[in-house]
1. Give B:Gly122, B:Gly169, B:Gly200 a once-over and let me know the one that is more than 14 Å from every other protein chain (Cβ to nearest Cβ) and surrounded by 17 or more Cβ atoms within 10 Å (Cβ to Cβ).
2. Please enumerate the residues belonging to the stretch A:75-86 that are more than 8 Å from chain B (Cβ to nearest Cβ) and within 12 Å of A:His51 (Cα to Cα).
3. Quick test of your reading of the structure: A:Pro89 fulfils all but one of (1) crowded, with 22+ Cβ neighbours inside 10 Å; (2) within 10 Å of chain B (Cβ to nearest Cβ); (3) part of a helix (DSSP H, G or I). Name the failing condition by number.
4. Quick one: which of A:Leu48, A:Leu34 is assigned to a helix (DSSP H, G or I), away from chain B (no Cβ under 13 Å) and surrounded by 23 or more Cβ atoms within 10 Å (Cβ to Cβ)?
5. For the stretch A:93-100, indicate whether the set of residues that are at pLDDT 95 or above, under 15 Å from A:Thr153 (Cβ atoms), assigned by TED's automatic domain parsing to the domain that holds A:Leu145 and under 20 Å from the mean Cα position of the chain (by Cα) is non-empty.
6. Pick from A:Glu96, A:Glu107, A:Glu128: which is acidic (Asp, Glu) and in contact (Cβ under 8 Å) with a residue 12 or more places away in the chain?
7. Restricting attention to helices (runs of 4 or more DSSP H) lying wholly within the stretch A:138-232, give those where 3 or more residues are modelled with pLDDT of 90 or more and among the charged types (D, E, K, R).
Amino acid sequence: MSIITLDNVTKNFGGLTAVDHVSFEVQEGEIFGLIGPNGSGKTTTFNLINHYFQVSSGKIIFKGQEITDKKTFEIARLGVGRTFQVVKPLKRLTVEDNIVAASFARESSFNGARNVAREMISFCHLEEVAHQKAGGLPIAGRKRLEIARALATRPSLLLLDETAAGLNPSELDEAIDIIKNIRSKLGITIVIVEHIMKVIMSISDRIHAIAHGATIAEGSPAEVAKNPTVIEAYLGSDYNMERFLNA
Amino acid sequence: MTTEQTNKNPLIAKNEWFIILAAVVLPFIFHFSPYIQGLLIFIMIWTVLGSSWNLLAGFTGLVSFGHAAYFGVGAYVGGLLYFHFHISPWWGLLLGGPVAVLFGYLLGLMVFRLRGPYFALGTLASAEILRIVFGQEEWLTNGHNGILYITTWVSKYPYYFVGLAIALGSVLTIKLVMRSKAGFYFLSIREDEDAAEALGIDTKLYKNIATIISTFWAGTAGAFYMIYMGFIDPEVVFALHNISIITILVGIIGGVGTIWGPTVGAVIMVLVQELFRSAFFDLAPSWVSRMHELAFGLLVIFVILYLAGGVVGDWDIIRKRLHFKRAEIKE
C-alpha cells in the first residue's frame, strides 16, 4: 500500500522551477532513496511535503488523505516526521528535553513523554549525552538527536535529510544501523535524501533520481546506478559508475 | 528548565515554602514600618510584571518592549470603572487581567506578524500608542489629569498581603505551566520555530497561549497598582522608561528564562533604586539621589557582561566565585 504519493508536484520560485512535475509513490515499509546533484531539488521536495513551502501545482497524498494544503504542524501530527539537513537542535535545552518536547506530540503527561524520550535516547545511542545541552553536541550527536526527536513524534513516515553528511566512517556505520533499525524495529517507512553513495546504495529498496528539479530515473539501486542519465547528471558524460562505486 | 525538574518534584520545593512562609509570617512578628512595607509592595508589583514579561520573552522568545501597554490597560480598567460609574476599583483586580488579555490579543493581531527585533519594536509602538491615546481622549480617561481614588485602607498591611497573593499566583502559575506540555512547547518555539512546527507544535496557538498568561498577569499587576497608589495617569502607567524598560531590566538582572529570576530581579531593582534615591539613607551627599538610574544602568551592564544568565541563571557561577574567595581568605 502506498503511504505517500507525489502527483506532478511543481514548485516555482519566481522564474526558477526548483521542483518540476515530480511524481513518486512510496510503499509502506520501504526505504526510498531520493538522490540528485547539488541543487537538484531534494530538500525542496521535503520542504513541500512538510509544507514549509506552498506547492505551486500538483498534489501530495499521505495515507489516502491529501495534505497539499495542510499546515506544517498538522502534517507532523498526521505522522510525517523529518530531520533537517542543517540541523536544528533546541540549543539551550538538554538532549533529553529536546526529545521530551517532541514526545508531547503523542503524550499529554510529562512522565509519558519522558518515557518515550528515554526509549528514543537508547534507540539512537544518546545515553551518554542525554543531560548535556543540545547546543554543545558534536555533529554526529546532533544528527542522531535530529533522528531521535523526529522518532519521538511517533511518525509512520520519516523523511531523513542528509543525516549521514559530515560523519566519519565509524559514525557512518552507526548511522546506517540506526536507519535500518528504524524500519526493522519500529516499522517506520523512510524517505532518505543522501549524497553518500555507500549509505544510499546499501539501504534503499528503490531510488528516485532527480536533476534540475525533474525526474531522471527510478528503480532499484543497481538499476539507477547503471542509468546513463544519472551518471551524466552526477559525473559528466564520460565516467564509469562501477569504478566510482568500488573506489 | 532542567530535566531534574520532573513532575515527581512538588510544585513548591522545600526552600520555596520556607521563603513563602517567611513572607507571610514575618509581618506579624516584626512590625515593618510603612516605608519598608511600601518597598515590599513594589517588589511584589515588579515580581508580577517581571514574571509576566519573562514568560513571553524568556521562555517563549517573544521579547516585548511594551509591557506597559498591558500594565496600563489593567490599571485603567479599575480606574475607569470608578471614574465613570463610581464602582470600586477593586473590580479592576478581577477585570484588569482579562481586559489586558483582550488588548494583548488585538495588539497581537498586528505584532505577531513580526519576528525578532521587529516584534520588539511593534510592542514598543503599541504601548506608546496607548499612552498617547489615553492622554488625549479626555472624555474617556480624564487625560493627563489622571484618575484619583481615595485608597481603601490607610494601613499598608492589607495591600502587602494582596500583593503577595498576586505575586505568588503569577510565579506559581508560570512554574506550573513550564512543567507541562505547554512549557516545553514555549521553549521549543523560543529555540527554533521551524523545528517546533516539524515536531507538530501549533506555534501560533502556543504563542497566543503564552501571550494570554503573560498579559493576564501584567494587567493584574496594573490593577493592583491602581488600587494601591490611588492615582494613575497615562504618563505613569504606560511609561516606556519607567515601566516597559524597567520590566525588561528586572528580568535580565534576575535571570531571563528562569522561574524565580524576575522575583530576585525585582528585589535587587527596588533596593538599588531606593538606596540611591534616598542617597544611602542620607548618609551620602544629596547628589547621589539623582544617580539611581545611572546606578541601575551600570548594574545592568555588569550583569550582561559577566552574568549573562542573570543572578538566578548564573547562580552556580556566583556561588563558585564566593566559595573561591572564602577559600582564599582561609589561606
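The values are calculated or read from the model by the stated rules, or taken from the named source; none is laboratory data. In this text the structure is predicted, and so the values were computed from the model without any measurement. Heads up, the Cβs are rebuilt from the backbone with ideal geometry, glycines too, and the neighbour counts pull from every protein chain shown.
1. On the way: B:Gly169 fails: surrounded by 17 or more Cβ atoms within 10 Å (Cβ to Cβ); B:Gly200 fails: more than 14 Å from every other protein chain (Cβ to nearest Cβ).
That would be B:Gly122, the only listed residue that is more than 14 Å from every other protein chain (Cβ to nearest Cβ) and surrounded by 17 or more Cβ atoms within 10 Å (Cβ to Cβ).
2. Result: A:Ile75, A:Val80.
3. (3)
4. A:Leu48
5. Yes; the residues of the stretch A:93-100 include at least one that is at pLDDT 95 or above, under 15 Å from A:Thr153 (Cβ atoms), assigned by TED's automatic domain parsing to the domain that holds A:Leu145 and under 20 Å from the mean Cα position of the chain (by Cα).
6. That would be A:Glu96, the only listed residue that is acidic (Asp, Glu) and in contact (Cβ under 8 Å) with a residue 12 or more places away in the chain.
7. Passing ranges, in order: A:139-152, A:169-186.
Per-residue answers, yes or no, for (1) hydrophobic (A, V, I, L, M, F, W, C); (2) touching a residue at least 12 places away in the same chain (Cβ under 8 Å):
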| residue | (1), (2) |
| --- | --- |
| B:Leu11 | yes, yes |
| B:Leu21 | yes, no |
| B:Leu26 | yes, no |
| B:Gly38 | no, yes |
| B:Leu49 | yes, yes |
| B:Gly58 | no, yes |
| B:Tyr82 | no, yes |
| B:His86 | no, no |
